[in-house]
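Have a look at the structure below before the remarks.
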Amino acid sequence: MEPRSGHHHAVSDVAAAYFQLRELDLELEIARRTLASRQDSLRITQMLANGGATSMLDVRQAEQLVFTAAGTIPDLERRIEQQENFISILLGNNPVPSPVERNSQSKRTRRKFRRGFLRPFGTPAGHPTGRSAVDRG
């Protein structure tokens, strides 16, 4: 086995973990949009029920859809945190801040943190050749 094969395996692991993280981010975005849509639908259904155009059964079904959509978000946030911690550990860093600390960070700070995952091994942070095409885009 050549000496650099372990390095390639580590790069492969980080890349796979990063793409999993991006997938979870997209799932979270979809879940939040779904929740907003279902909340709007509930509001409309409640107005219709108040006007006598629909039954309370429809309102309860719309409420259940809101509760179901809302229930997926905390799980996705937990899975994202776990994935971020996994990537940090793969890179030899400490895990990311707790959810409370992370929620206080801006999206820009979080994107900057994510870009650090894409820096090639052995390339100093901020070095022009250390930026991937994803960072520049």
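A short reminder: the numbers here are calculations on the coordinates, not readings from a lab. The structure displayed is predicted, hence computed values, not measured ones. Cβ coordinates were reconstructed from backbone atoms using ideal geometry, including for glycine residues, and neighbour counts include every protein chain displayed.
Points worth noting:
- Hz values of 3J(HN,Hα) by residue in segment 70-79 - Karplus curve (6.51, -1.76, 1.60), Gly and Pro given as x: 5, x, 7, 5, x, 5, 5, 4, 5, 5
- Using a Förster distance of 30 Å, the FRET efficiency for Gln46-Asp25 (Cβ separation, nearest 0.05): 0.40
- Order by protection proxy (mean Cβ within 10 Å, highest first), peptides 43-53, 21-31: 21-31, 43-53
- 3J(HN,Hα) along segment 21-37: 4, 4, 4, 5, 4, 5, 4, 5, 4, 5, 4, 5, 5, 4, 4, 4, 5 Hz, from the Karplus curve 6.51 cos²θ - 1.76 cosθ + 1.60 with θ = phi - 60°, whole Hz, x for Gly and Pro.
- Which of Gln83, Ala36, Gly52, positive extreme of dipole for segment 5-93 (C-beta unit charges): Gly52
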